[in-house]
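Only one structure is covered here, and it is reproduced in the block below.
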Amino acid sequence: MVLRSARQTILVVVALLAVLAGVCAPARAGTGGAARAGKPMAEGGGKGPVVVVGFSGVSWTDVTRKAAPHLYEFGKKAAVSNIVVRTVHETTCPVEGWTALGAGQRTIDDGCRLPAVAGKAPARWARLKEANSSSSYKAKIGALGEALKGHGALAVGPGAALALAKPNGRLVGGYAALAPLPVSGEDGDVGGAARAYARSDADVTMIDLGAVRYPGNELSENHPVEAPGIAQRLREYFTPEGAAPEAVRQQISYIDARFGLLVKQIRKKTPNATVLVANVADAESSRPHLGYFAAAGPRMGGPALATSDSTRQPGLVQVTDIMPTLVGWLGAGPQARGNAIGSAITTAKASDGEANIARLDAEHTRAQVTRSLSGSFYVLLAALSAAILLMWARRNSYRWTETNERFFLQLSALTAALPVSTLLVNLIPWWRMSNPLVSLLMGVVLIAAVLALIALHGKSPFAPFAVIGGVTVATLALDVLLDGIWHGYPLQLAALLGMQPLVGWRFYGFSNNAVAMFVAGLVLVLAWHSSRTARKKSVAVILGAGALAVLLDGSAQFGADFGGPPVIVVGLGVLATMVAGKRLTWLRFGAVLASAVAVSFVFALFDYLQPASRRSHLGKFVGSFFDGGGLGIIWRKFTQIFGGNAIFIPVALAVAAAICAVAWLLAKRGRFARFRIEDEIVRRSVVSLVSALVVAALLNDSGVTMPAVGLIVAAPLWFVATLRRGEGATAGQGDAAVQEDAAAAQEEESVTQESAAQEAGRTATPR
């Protein structure tokens, strides 16, 4: 019954992916869904002036009617979203945020000190320029100032000066000072800024309202922010964040008061101005946050959710999107965007203003909770993997009762189901419940438990392959497919093993962990299918499923993944070779690798041929070679494989446990040829998946994380199959292709023996 259901699930997945093949051809990256249905931003300079108001350390969670009434009321009538401020470091300081806004790229600062403005140039500009040009990102700061030549501009405050400086460090327009944000006591003076704006006829005005500072983290020109140590990073990664201190809430109220005074002056002088308000950096603490973003005026529709092609998610934009947006608004031309990695901000869909604010607050909570739990969850997976391995190793050293065996099977199936459960739980709005953290954990465990019970219900030792592997593949395929057609928060976004908005690397398509889960599920399902189908039909199914999977993963409209297609090709290519009865030689494995590389570059090249504004990161990667930055990207990805990850240690433990499990499977009873007929299915999946995950670790920047996640899905099920093979698996339930091999081998042996006998007879006959 379970196997029949699993087979039906596979057919449904294949049918859905076949639909994908028809819609993928005309698709263009960054279009479609909500973003395509939204109202585009008006371009050109005929819609009145543009005012950009920026600050640091304010999220939508901080903005309420009581705590920040001016920002709240402005957001009710505006196009709003959460904004990702991540540049290079785990947290973004104000200097990095403002320079990233001006560059449209990820920027870096060696000391993260607030700059002084001497004359018409920010201090330390030469050092900032050198630090960014020598980094692996090669950010060219000053791009916005260069694009605004010929336009009137006014910078208010030191952060604004950083954003509006030209590449030589000179401001593109005028400058007005603004008193630093007070830590306590009186409100900061905004009168000078208001008067400067009243006298100005600038097309673009940039205003820095200040940065929120946590107690004990005073930031000044001569006080650099020290990067948190590994102990502090781990502690903060594994613990949820508490309420903001009273001093922080007070500073947010000061920013709100400043904004209220300035926006009143702006509307009084220029009622047709487009006002864009953005949090550009984290609070001066060691924890990252999503920030406040709102924009209103002739160039924006509101109330609505804002989005961009860089995120493809309604209610989510990046700081690097602001520069291309301003350039488009002022009609500076596409060439003025330079090497900006962001995309122009658009409105996704009109909706109620208060509902928008409530949604953004909830999504910020979702992102914060999953980040605070993700480290602990990796440790949990590592512990479960170690427990499974230990129980298996000791099963012959003490009395292995029926109860022990049942518990082992349940624990193994539960562990294998946990990765996909972290995605399925996002179908439930746990982040809106009274205790989101507890709701998330309970939801993940309950879903995994249900999947484990269903998987173990079947009598076949390989039923869990079909059930858990099939659910994993179907969940990810449908998630990516539907998100590509109708843009909206996918299940992977803000998931424990999915894409983290706070990290800011990926917001749509297949994440690295998702690819690992997807390939593991595919290998398990197809290995199970090969045990029940004749060889030729099995090979055809593997090749067909592989083609659709590569199309889904590599398409710019859907998966938008450069490193995923070679992993899929290697895994399923090896599996098809083994199912076909061919010996896996180095030559054949090399041919599979060559095919994988060729497929990846074909997808990337097609994406590069799209207009620059519509390319995903695949096409941008190809374009970087023409701009001279391709080798830098490769080097940066390489250095990220084993470095700079706070969760490296627990992930490494999980990998070690999984590798030990694989080693046992491979070493059992010596050579593969001595495996029983049912073990051939395990052998195929082990060799195929391990080959794919080794390639994944070498090609992607997640390091050991991808092999760990993939093996956590598959390795426990290998143990289950191996343990249960003697309970209900007979030769009739075994591998059809293996039976063909056995029959062929027997026939060949008979022919060989007959030939040998004939030869012996000829030799014995006297001439």
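Quick note: the coordinates plus some simple rules give every number you see, no bench work behind them. Since the structure is predicted, the reported quantities are computational estimates derived from the model, not experimental observations. Counting neighbours? That spans all protein chains shown, and the Cβs are built from the backbone with ideal geometry, glycine included.
For region 474-552, the pair-distance distribution built from all alpha carbon pairs, in bins 10 Å wide starting at 0, is 17, 43, 25, 13, 2 percent. Placing unit charges on the Cβ atoms only, positive for Lys and Arg and negative for Asp and Glu, gives region 259-338 a dipole magnitude near 400 debye about its Cα centre.
Once divided by 2.2 N^0.38 Å, the Cα radius of gyration of region 539-598 becomes 1.12. Report, as a whole number in µm² per second, the diffusion coefficient that Stokes-Einstein gives for region 290-417 at 4 °C and 1.567 mPa s using the Kirkwood radius over alpha carbon pairs. So the translational diffusion coefficient is about 68 µm²/s.
This model, with +1 at the C-beta of Lys and Arg and -1 at the C-beta of Asp and Glu, gives region 511-610 a dipole about its Cα centre of some 700 debye. Alpha-carbon geometry of region 495-612: the Rg and the Dmax are 15.5, 48 Å, given in that order.
First select every other residue whose beta carbon is under 9 angstrom from the beta carbon of Ala198; then total the charges, Lys and Arg +1, Asp and Glu -1.
+4
If you add up the charges near Ala591, with Lys and Arg at +1 and Asp and Glu at -1, over every other residue whose beta carbon is less than 15 angstrom from its beta carbon, what do you get?
On the way: positive: Lys582, Arg583, Arg588; negative: none.
So the surrounding residues net to +3.
A cut-off of 5 Å between modelled amide H atoms, ignoring neighbours fewer than 5 places along the same chain, links Met206 with Val52, Leu154, Ala155, Val156.
Each of Phe601, Phe719 has some number of other Cβ atoms within 10 Å of its Cβ, and from fewest to most they run Phe601, Phe719. Partner lysines whose Cα lies under 29 Å from the Cα of Lys582, excluding those fewer than 8 positions away in the same chain, are identified as Lys536, Lys537, Lys668. What base-10 log of the normalised intensity I(q)/I(0) is obtained for region 481-522 from the Debye formula, alpha carbons as equal point scatterers, at q = 0.20, 0.29 Å⁻¹? Per q value, in the given order, log10 I(q)/I(0) is -0.60, -1.07. For Leu456, neighbours were defined as the other residues whose beta-carbon sits under 11 Å from its Cβ, and their charges (Lys and Arg +1, Asp and Glu -1) total +3. For the set Lys140/Lys349; Lys129/Lys149; Lys66/Lys264; Lys76/Lys129; Lys149/Lys268, the pairs lying more than 30 angstrom apart at their alpha carbons are Lys140/Lys349; Lys76/Lys129. The order of Tyr137, Tyr214, going from fewest to most other C-beta atoms within 10 Å of their C-beta, is Tyr214, Tyr137. Assuming charge only on the beta carbon of Lys and Arg (+1) and of Asp and Glu (-1), the dipole of region 332-403 about its Cα centre is about 420 debye to the nearest 20.
Distance between the modelled labels on Lys120 and Ala247, one decimal in nanometres: 3.9 nm (7 Å Cα→Cβ projection). Label sites at Lys77 and Lys537, each approximated as a point 7 angstrom past Cα along Cα to Cβ, lie 6.8 nm apart.
The alpha carbons of region 373-503 stretch over 53, 30, 25 Å along the principal axes, in descending order. The order of Lys120, Lys582, going from fewest to most other C-beta atoms within 10 Å of their C-beta, is Lys582, Lys120.
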